[in-house]
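A quick write-up on the structure given underneath.
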């Protein structure tokens, strides 16, 4: 059982001992810390309000109740959207002019996990300094709760997924008529969470025939909820059986998006952003951003339009910061996360579906043909276990120095770009591990590059 506290929130498994798992006391403690941070951040403002939403996890209602009651105890008003998606809550913060927001979700983690994702008044994730301040409050237990006449007000508010869909359909580049005229048939795997509500409703509004698979939001995940190929055999088979044009897969909180080709093959999570960026760039000139561990194909597509690509440190908040710095028109992460500033600065599978289907409708080609039109890269993901006494930072610096003649980036671990491939090394913050990500023009080359770098690390470490 596990409890992970970080600047992006608190995440853990339900049940067990306090401070070792996500127990009711831990949920109250971290909600208190967030509420206290919000009060200190808005010293001259009364009647603070936040938006609360949750995915369909079995523990969601319990954690949500604890969080909402804690916040009202601090004098903060709570608007509870109930079953929702992460991007829906993000959009609700700005639509309702709220002071912050919390999503109760553990994203792609299995059903025994849950978490608190924390938002600021822009509906964006907190930065490192803000997250560190909340951790400090949580450690000190220095909270002041309200007297009875000053308690916050709790209200439920329905219909925000519909409002979210309205916002998606308003986007200039979501071509509703082209999608309707394409007569798409799509299979949707909602992993029995809130994507099973949001994605079919969006497709219905777009005039798309929808075949639902695991779209009952009961929190009983029928497979590992991370949208990776090994977890998606059922939808791959159903796409072929139904003679559908494609399959759509989301994670439990609907901020990651993957597609299945009409022949049951994976479009590739890494290529979700590539395809959406290709469509946006074909209509709007501008820059792109993804993190250091994402495919080089986004850079290739961006440069095809004579625009600039920039890599950020790993983590959604880091991608967003870099997007704002570089005036980016679309960005995201290779895990299927689309961030489209014309909508909002957050990963949003609903926006991704709207852009992707518009692109497919305009191209008048099959999903597989679209995928084959992009440069093909192959990834290998590995890790090397070190002993606790080793200086991991020193090892990484040694690798960076060894390859200093290449294009080396050290903003987040060590990324080495070669002419036809790259390697990205990142250390774990919780254990003596170096994670090794490689990408090349074939799976064999990607695997061989990983083996070569791992051997060099072992040699430097004396293993």
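In whole Å, what are the extents of the range 378-461 along the principal axes defined by its C-alpha atoms, from largest to smallest?
Projected onto its principal axes, the Cα set of the range 378-461 covers 36, 24, 22 Å.
What is the list of residues in the range 176-214 whose amide nitrogen lies under 16 Å from a point 7 angstrom out from the Cα of residue 373, following Cα to Cβ?
Answer for the range 176-214: 178-179, 182.
Subtracting the Cα-Cα distance from 0.36 nm times the residue separation, let me have the gained length for residue 366 to residue 305 in nm, one decimal.
Contour length minus Cα-Cα distance gives 19.7 nm.
May I ask what percent, to the nearest 5, of DSSP beta bridges between residues of the chain are antiparallel?
60 percent
Output the peptides 289-295, 57-63 sorted from most to least packed, where packing is the average of other Cβ atoms within 10 Å over each peptide's residues.
289-295, 57-63
Classify the chain from the C-alpha gyration tensor, please: rounded if a/c falls under 1.5, else prolate or oblate depending on whether a/b exceeds b/c.
It comes out oblate by the Cα gyration axes.
In the calculated pair distance distribution of the range 40-193, what percentage of Cα-Cα distances lie above 18 Å?
64 percent
Counting alpha carbon pairs within less than 8 Å and at least 6 residues apart, what relative contact order, in whole percent, applies to the chain?
Relative contact order, the chain: 11 percent.
Which residues in the range 15-39 have a backbone N closer than 17 Å to a point placed 7 Å from the Cα of residue 431 along the Cα-to-Cβ line?
21
Going highest first, how would you order 73-80, 352-359 by mean Cβ packing within 10 Å?
Result, highest mean first: 352-359, 73-80.
Starting from the Cα of residue 149, move 7 Å in the Cα-to-Cβ direction to define the label point; list residues of the range 25-52 whose amide nitrogen is under 17 Å from there.
47
Per residue of the chain, what 222 nm ellipticity follows from adding -39500 (n - 2.57) for every DSSP H run with n ≥ 4, rounded to the nearest 500?
Helix contribution divided over all residues of the chain: -12000 deg cm²/dmol.
For residue 390 and residue 40 in one chain, what is 0.36 nm times their gap in residues minus the Cα-Cα distance, to one decimal in nm?
That works out to 122.0 nm of additional length.
Please work out the Cα center distance from the range 233-251 to the range 308-355, rounded to the nearest Å.
If you average the Cα positions of each part, the centres end up 26 Å apart.
Using 0.36 nm per residue, how much length does the chain from residue 452 to residue 4 gain when fully extended, once their Cα-Cα distance is taken away?
158.0 nm
Can you give the FRET efficiency to the nearest 0.05 for residue 170 and residue 282, using r as the Cβ-Cβ distance and R₀ = 25 Å?
0.80
Once each part is reduced to its C-alpha centroid, what is the distance from the range 386-463 to the range 1-64 in angstrom?
35 Å
Relative to the compact-globule scaling 2.2 N^0.38 Å, provide the ratio for the alpha-carbon radius of gyration of the range 114-269.
1.33
Would you please put 419-426, 139-146 in order of how densely packed they are, using the mean number of other Cβ atoms within 10 angstrom per residue and starting with the highest?
Descending mean neighbour count gives 419-426, 139-146.
Bear in mind these aren't lab numbers, they're just calculated from the coordinates by the rules spelled out. The structure displayed is predicted, hence computed values, not measured ones. Here Cβ is always computed from backbone atoms with ideal geometry, including for glycine, and neighbour counts include all displayed protein chains.
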